[in-house]
Amino acid sequence: MSQSLARRQFLASAAAGAGVLSHGALAQDKKGGPMTGPYKFTNPYDCLTAYAKVRGRLDGGISLYHYVADVYGIPDRGIAQLMFRLEGVSQHRMTVREDRTIDLRYMECNYTQHPETGALIDEFYDNPITGKLVPVQHRKPAPGPLVRINPTGGFNPDIEWEAPAIFVNKLGPPLFGGGRVFFNDDILMFRPGDAEPVTTGNPRRSDVQLTEMVTFSADVSDVQNPELISAKSFAHITNDTPWSGWLDMDDVPGHMMMRYLAEKMETPEDVPSWLRTRIKKDYPSFFTNPGI
């Protein structure tokens, strides 16, 4: 984990303030609180615009996130094991439309690391669950599908979902605590096992393609500052997926659980130097022309 992430100890502070989280206007105090500023959190479209400012930028530009993730393997009827770490960069472009809904596009890439030392694993991975030595597959840049977000959630206008396939993206009401605003953005993507998987650059298997629970947070003062087009933010992400294909887990039923901590970066120069250098070497246009 980068020194920046460790220094802020964001998760610890978020946990400490969890007991004082409040919904919307309940967090307002006599001196002026979350409701003081251009965004009224009782207005669903104000909430949505504030969320865009926390996760992305209001000028339609790209926001960078540096993240580190622990990846656990959970065999059916087995015990969860820490398998490896991922470190990477995701880029988000959020465009506020005339009707105040939001179009989201994103791109990311990451690298597989030793679960304890963080050392890059570039050739073969010793799978602790199967005992197999398998070639490592870092995640190459691949754009995610367009997601159009309204106050109640998001959907992909380019995909025709037919029952029992379903894509559910729910944006919860904001929470407040310790001078910060928290937005929960949860995703469930389900497709029948015999259906062609959605093309996302990360093949999924089984019926549940992806379950993801994300919390973005920022200082309320930054969100309510009309001079800022982007609020400094952090994200805590947990997702559940089938085994990645490169792990060669065909004989072991189970799934993976990933836990991420991400920090919004101002420029690529804020990304840890080794990661920035490696990405520029492997994918020269990633930072300059990501294609989103």
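For V147, are the conditions met, namely being modelled with pLDDT of 90 or more, closer than 30 Å to G254 by Cα and under 15 Å from the mean Cα position of the chain (by Cα)? The answer is yes for V147. Note on segment 55-96: residues that are of a type in the set (D, E, K, R), surrounded by fewer than 17 Cβ atoms within 10 Å (Cβ to Cβ) and without any contact (Cβ under 8 Å) to a residue 40 or more places away in the chain amount to 1. In the set (1) buried (at least 17 other Cβ atoms within 10 Å of the Cβ); (2) in a loop (DSSP other than H, G, I, E, B), I292 fails one condition alone, (1). Scanning segment 35-54 for residues that are surrounded by fewer than 21 Cβ atoms within 10 Å (Cβ to Cβ) and in a loop (DSSP other than H, G, I, E, B) gives M35, T36, G37, P38, K40, T42, N43. Residues in segment 237-254 that are surrounded by fewer than 19 Cβ atoms within 10 Å (Cβ to Cβ) and either at pLDDT 95 or above or in contact with a helix residue (DSSP H, G or I) (Cβ under 6 Å, 6 or more places away or on another chain) (or both): T238 alone.
How many residues does segment 267-289 contain that are surrounded by 11 or more Cβ atoms within 10 Å (Cβ to Cβ) and part of a loop (DSSP other than H, G, I, E, B)?
Of the residues in segment 267-289, 5 are surrounded by 11 or more Cβ atoms within 10 Å (Cβ to Cβ) and part of a loop (DSSP other than H, G, I, E, B).
For G88, state whether it is touching a Cys at 6+ places or on another chain (Cβ under 6 Å), closer than 29 Å to I62 by Cβ and not aliphatic (A, V, I, L, M). The answer is yes for G88. Within segment 117-134, residues that are on the phi > 0 side of the Ramachandran plot and touching a residue at least 24 places away in the same chain (Cβ under 8 Å) reach partners that are of a type outside the set (A, V, I, L, M, F, W, C) and assigned to a strand (DSSP E or B) with beta carbons closer than 7 Å, at six or more positions or on different chains, in the pairs G118/R85.
Restricting the search to segment 255-266, which residues are of a type outside the set (A, V, I, L, M) and surrounded by fewer than 18 Cβ atoms within 10 Å (Cβ to Cβ)?
R259, E266, listed by residue number.
Counting only strands (runs of 3 or more DSSP E) wholly contained in segment 99-155, the ones carrying 3 or more residues that are among the hydroxyl-bearing types (S, T, Y) occupy 102-113.
The values are calculated or read from the model by the stated rules, or taken from the named source; none is laboratory data. These numbers come from a predicted model, not from an experiment. Backbone-built Cβ (ideal geometry, glycine too); neighbour counts: all protein chains shown.
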